[in-house]
């Protein structure tokens, strides 16, 4: 254990911070430390049995200062030899005389260096025995500041005080010299800094003049931009409204005037909330403290409103999206700007899209139902057809003419019903997206010849003339689904032969066309008279038309022509039976190939049905998209 561990030091200091700092310094050097806040408390500790080896006391303390405390100790036989150190600022030379008078051993000047403090304490401990063995009091007269002081003290005490005073004075003098040297160095640096700064200021002044000129030019540009922005605000398609902190309207652009039906003069100075945002979409009141637009002024946040309504001058609402942004000037909020857009058209489109999706879903459900129903009907119908054909052929016995006629009616009606079911099934597959093309290399002339051959017997029976005309360029191989292409031709020829009176004519024409020449010239069933099929010059199409000299179609019936389950009333007689699906299915099959179909017709004269499909089905997707 170090010798210091047995040395106890009493600190007397009224400043808690300075006492703790001094205690920490001493304990770190191995001393045992006890602290008191003034001389009175220190005397109590001593009376209670505390026996320190050294006392370190502040001078200025409440109740009992350091000089009084030291004098009290020196008057007590028990503590007369106890080393006593005064901590003072030594602002007054009389402090030395007071220290001698009260019997202090040493001075330590505030602020003190920790190393110096420990050295002084070690010096006092080292000379403690020497001081006891060489006690020799002496009396001296000291004349200072016009007063005479007679001091009786030990010679070593006087020497210690004078030495510590000298050391403190010397240390302060060295600090002053160092400070003077530092000040001289700083002064030299300051002079250099001033010279440097002067040069910099000259350069800065030159740059400032340039910047002022640039700023002048910038201000001119800003004024120009301000005018342009003003024109933009006036020309903006969105409504723009400015409000002050009280919610009064300060600015309205023309777009906002048009949307609200107010003039700017009617709005300026009015409460924006009470004028056009007073009620919610259901007509209920919109409390102002819940309004995001007034909230932007309240809390300085930007608010976005979607699917809300503003109110027009006539009292009607209109749906809007808006953004309310606080206006700041010098860091303070002084208003709000509201930018809004009338979304009536968008809402209508959204509602139309919802309706379209619902319609598509219903159509798919209908198609699925029709497909299932058609499959269920085919089985019993095939039995009916089979047995009626057996009856007609007399395999179960010979029938009389009346029975044979009835059996033939059953067979014909069954065939008609089967055709209807097949058309329904194909159409439902198209609508459900389940009918796919199986493209292959097809010779167009073979398909057209095969279609004509199916109707030659019926044409001869009704004295109809069938003809085919193909341009040389059309005699090509094309990529198509052969079975579906034959079905298209069968449906068109079937209608042409059915609705052409005896002695009439049915004509097929085919040619090769490119994109720029290709336009749907008649009615496409969508209500449009003309629409481009393609605008790609590098795309080739096959155009096939079927013309007849039949009964024709009334202009008012043309838009209904390609609708499902629609039969047009004949002008001559209601003797043409049909499913009402043939042309609708034909249109879907043509579009499935990436083409279009249309009709030109004159009532009482005849009709021409024309369709086009890409010659190469590799172009089908692109053509369909257009």
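The numbers here are math on the coordinates, done by the rules we state, and not lab data. Computed from a prediction, not measured in an experiment: that's the story for all the values here. Quick reminder, even Gly has a Cβ in these numbers, built from the backbone with ideal geometry, and neighbours come from all protein chains shown.
Listed values, structure above:
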read-out: Hypothetical label at residue 392: residues of segment 445-465 whose amide nitrogen lies under 20 Å (7 Å Cα-Cβ projection); value: 454-462
read-out: Prolate/oblate/rounded label for segment 1-83 (Cα gyration tensor, a/c 1.5); value: oblate
read-out: Extension reserve of the residue 288-residue 40 stretch, reckoned as 0.36 nm per residue once the Cα distance is removed; value: 82.3 nm
read-out: Mean-position separation - Cα centroids, segment 175-195 and segment 1-53, in angstrom; value: 42
read-out: Gyration tensor (alpha-carbon) shape descriptor, segment 22-127, a/c threshold 1.5; value: rounded
read-out: Full-extension gain in nm, residue 365 to residue 125, via 0.36 nm per residue minus C-alpha separation; value: 75.4 nm
read-out: Likely footprinting exposure, 80, 98, fewest C-beta neighbours within 10 Å first; value: 80, 98
read-out: For peptides 454-460, 81-87, 397-403, sequence by mean Cβ density within 10 Å, most packed first; value: 81-87, 454-460, 397-403
read-out: Segment 275-354: relative contact order in percent, alpha carbon pairs under 8 Å with at least 6 residues between; value: 24
read-out: Residue 350/residue 490 FRET efficiency (R0 35 Å; Cβ-Cβ; nearest 0.05); value: 0.25
read-out: Inter-label distance for residue 263 and residue 454, nm, one decimal - labels placed 7 Å from Cα along Cα-to-Cβ; value: 7.3
read-out: Label-to-label distance, nm, for residues given as residue 377 and residue 312 (7 Å Cα→Cβ offset); value: 5.0
read-out: At R0 = 30 Å, FRET efficiency that the Cβ-Cβ distance of residue 341 and residue 436 yields, to 0.05; value: 0.10
read-out: Gyration tensor (alpha-carbon) shape descriptor, segment 237-346, a/c threshold 1.5; value: prolate
read-out: Efficiency of FRET between residue 321 and residue 605 - r from beta-carbon atoms, R0 51 angstrom, step 0.05; value: 0.35
read-out: Highest to lowest packing among 333-342, 185-194, 41-50, 587-596, scored as the average C-beta count within 10 Å; value: 587-596, 333-342, 41-50, 185-194
read-out: Residue-span extension gain [residue 563 to residue 176] - 0.36 nm each, minus C-alpha spacing; value: 128.2 nm
